[in-house]
Amino acid sequence: MTIFKTERLCETSYETDLISMTMGPYHASLPGPMILRLKLDGEMIESAEIETGFLHKGLEKSFEIQNWSSAVILADHVDPEGSFFAELALCSAVEELGELELPARAVSIRTILSEVFRLANHLLYFAKVAKAARSETAFHYVMRDREKLLDLIELLTGARSSIGFLRFGGVTADITEGFIERVLDSCDLLRVRLKEYNDLFTYNQAFVFRASSVGVLSRELVKKAGITGPAARASGLDYDVRKKNPYLMYSELDFGVPLGGGEVGTQGDIHDRFLVRLREIEQSLLILKQLVEKVPSGEFSLFQITPDFEVPIGEAYARVESSRGRLGVYVVSSGSVKPHRVQFSVPSQGLFAVVPQLLKGCYLEDLGLILASLDLSVTELDR
Amino acid sequence: MESKNKLLQQIKARFSSRVLKVSVFGSQCIPMVWIDGSALKIFAEYLIQEGFSNCENLAVIDLEGALVFTYFLSSPESGEQIVLRMTYLIPVSRESGDAYVNAQSALAFWPSLWAQESEYSELFGVRFNSTQNKENSWSLGLLPEGWIGFPLRKDYVFPTEFFDLLHMRAIGQSAADDYQDYSDAPSLGGDA
């Protein structure tokens, strides 16, 4: 039985000398370059300390040095997996500053791409959790299906991950012929695959045994650490930026926000975090079906961005719901060709804060699965 | 809009002497209150009492010789938002060793700000006076040991070298300058 409370750790402690173990900066179980220092009592983690900052590349300073015309490309580097969300947040903030009214077609394209990226990232999360649970079959199946979504993204934007596709006032290119049909085909395929994933992995007894009541994130801890996104919703916190502060076309769409309920274990455990993402995949498929049925005609961009593009003096704050949680961008313009300040508030900041507490009292064998279930991104944390 | 005005009126009535300015933020006209940095505690306690228990973001910018702190607060129950803002002057003289800016920490009220306060203490040179026990199980060190200066400040000068390692390129230098020393290198494609 997995012990996850420190009181129970004391009752059944092996009473050995504590072993110090340092993992990182590179380790297969870690989400990226970071150091994890553990004190082990036999197989149980007595305490954990983390050290991050290895991937800091001075991104926010780079924004101030480059021109506004380069800002979208730089925003890709906040999180290469979910590059679209950082681009979208930045463009939303600048468009609010400049009081730009986007063409309806551009808004529709952005919303479609937002959900396709969300799907791709949730499938990647599935693959990471399956890998951590040593289910190679599920890992390969999901990565194979994720390729269909990456092909869609490449068809529209020309790239698979760091897309550099959005522009202030619209998008770089229009939807090509056949794109809508391929989106619908991919949605149909994923609907079938979701059932296969459930049969193969989600309710597989081996995974349920490892994931239920392990790595429980309580609602109080979620609020204290400021966690948002699927990890918070798995713990029962009903907050989704698409519902609370709607942007793009989300106010017109009919979709649900799944919450964790402790179906096979405890609310907020690994299995809940996994299930919430599976259900969000279902909701994203629903959203995409609604979107592609009514893509408006018209222009896809207001104007061409030139290197001497200037943003009016002022400041703005925009937030989007990325696949990990709320991604906020605060921009300040002094009226010149270079930004005065671009600051990102990323969901991984809250997630990393709870790692030491979550690992305390767990078995060492659960470490990889707990970290994978949180969906941490060292890249966006360090920037 | 009425509730936003009501909130601002309540704040002005209650803290008239500590409020420097009241205005709105952004196109959504979110109420914004400028206060003196030393008044953070009383405002934070009041706002938490009013339901603003969630701090979405703390943004710091270097503006004309001062650091402007902007707290984006929201109420999970009502969905209302408010922006709290304060300014700290950057000490002029670096030689005196007072390059750090001393600021009030908001960790006691919004613990989720720990990561951001740690970042700003390194990147902007801010010393937060917090009575809370800092989370010592997470070491968030963005800059290498021995790094001099605060990169996000506007007067920051990029170093040309760091521990005898040459910087990639100093700001203002062109890429062509990097190849000046290779004029005697053998040509790969033969004579042009």
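The values are calculated or read from the model by the stated rules, or taken from the named source; none is laboratory data. Bear in mind that the values here come from a model prediction, so they are computed numbers and not experimental data. Virtual Cβ from ideal backbone geometry, glycine too; neighbours counted across all protein chains shown.
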Exercise. Could you say whether any residue in segment B:88-97 is part of a strand (DSSP E or B), in contact (Cβ under 8 Å) with a residue 40 or more places away in the chain, more than 27 Å from residue A:243 (Cβ to Cβ) and more than 11 Å from chain A (Cβ to nearest Cβ)?
Worked result: yes
For this session: Select from segment A:313-338 the residues that are over 24 Å from residue A:248 (Cα atoms) and within 11 Å of chain B (Cβ to nearest Cβ) and list them in ascending order.
Result: A:334
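Do the conditions hold for residue A:159, that is, is it assigned to a helix (DSSP H, G or I) and within 21 Å of the chain's Cα centre (by Cα)? Working first, answer last.
Details: assigned to a helix (DSSP H, G or I): no; within 21 Å of the chain's Cα centre (by Cα): yes.
Spelling it out, it is not the case that residue A:159 is assigned to a helix (DSSP H, G or I) and within 21 Å of the chain's Cα centre (by Cα).
Which ranges mark the helices (runs of 4 or more DSSP H) fully within segment A:211-312 that have 1 or more residues being in contact with an Asp or Glu (Cβ under 8 Å, 6 or more places away or on another chain) and either under 29 Å from residue A:100 (Cβ atoms) or within 14 Å of chain B (Cβ to nearest Cβ) (or both)?
On the way: elements: A:219-225, A:230-234, A:241-244, A:270-293.
Passing ranges, in order: A:230-234, A:241-244, A:270-293.
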Exercise. Taking the stated definitions as given, is residue A:81 within 11 Å of chain B (Cβ to nearest Cβ), touching a Leu at 6+ places or on another chain (Cβ under 7 Å) and under 23 Å from residue A:159 (Cβ atoms)?
Worked result: no
Exercise. Restricting segment A:40-72 to residues that are away from chain B (no Cβ under 11 Å) and among the charged types (D, E, K, R), which is surrounded by the fewest Cβ atoms within 10 Å (Cβ to Cβ)?
Worked result: A:43
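For residue B:83, state whether it is outside any loop (DSSP other than H, G, I, E, B), modelled with pLDDT of 90 or more, closer than 19 Å to residue B:152 by Cβ and within 11 Å of chain A (Cβ to nearest Cβ). Walk me through how you get there before you give the answer.
Details: outside any loop (DSSP other than H, G, I, E, B): yes; modelled with pLDDT of 90 or more: yes; closer than 19 Å to residue B:152 by Cβ: no; within 11 Å of chain A (Cβ to nearest Cβ): yes.
When the stated conditions are applied, residue B:83 does not pass them.
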For this session: Confirm whether residue B:64 is charged (D, E, K, R) and touching a residue at least 60 places away in the same chain (Cβ under 8 Å).
Result: no
Problem set entry | Some residue of segment A:336-352 being surrounded by 19 or more Cβ atoms within 10 Å (Cβ to Cβ), of a type in the set (Val, Ile, Thr), in contact with an Asp or Glu (Cβ under 8 Å, 6 or more places away or on another chain) and within 21 Å of residue A:372 (Cβ to Cβ) | yes
Problem set entry | Conditions (1) within 11 Å of chain B (Cβ to nearest Cβ); (2) within 18 Å of residue A:81 (Cβ to Cβ): number failed by residue A:356 | (2)
Seminar exercise, completed: Exception for residue B:65 within (1) modelled with pLDDT under 90; (2) surrounded by 16 or more Cβ atoms within 10 Å (Cβ to Cβ); (3) closer than 16 Å to residue B:126 by Cα falls at (2)
Exercise. Is it true that residue A:59 is aliphatic (A, V, I, L, M), at pLDDT 90 or above and under 18 Å from the mean Cα position of the chain (by Cα)?
Worked result: no
Seminar exercise, completed: For residue A:336, the lone unmet condition from (1) in contact (Cβ under 8 Å) with a residue 40 or more places away in the chain; (2) outside any helix (DSSP H, G or I) is (1)
Seminar exercise, completed: Note on segment B:102-116: residues small (Gly, Ala, Ser) and outside any strand (DSSP E or B) are B:105, B:106, B:108, B:112, B:115
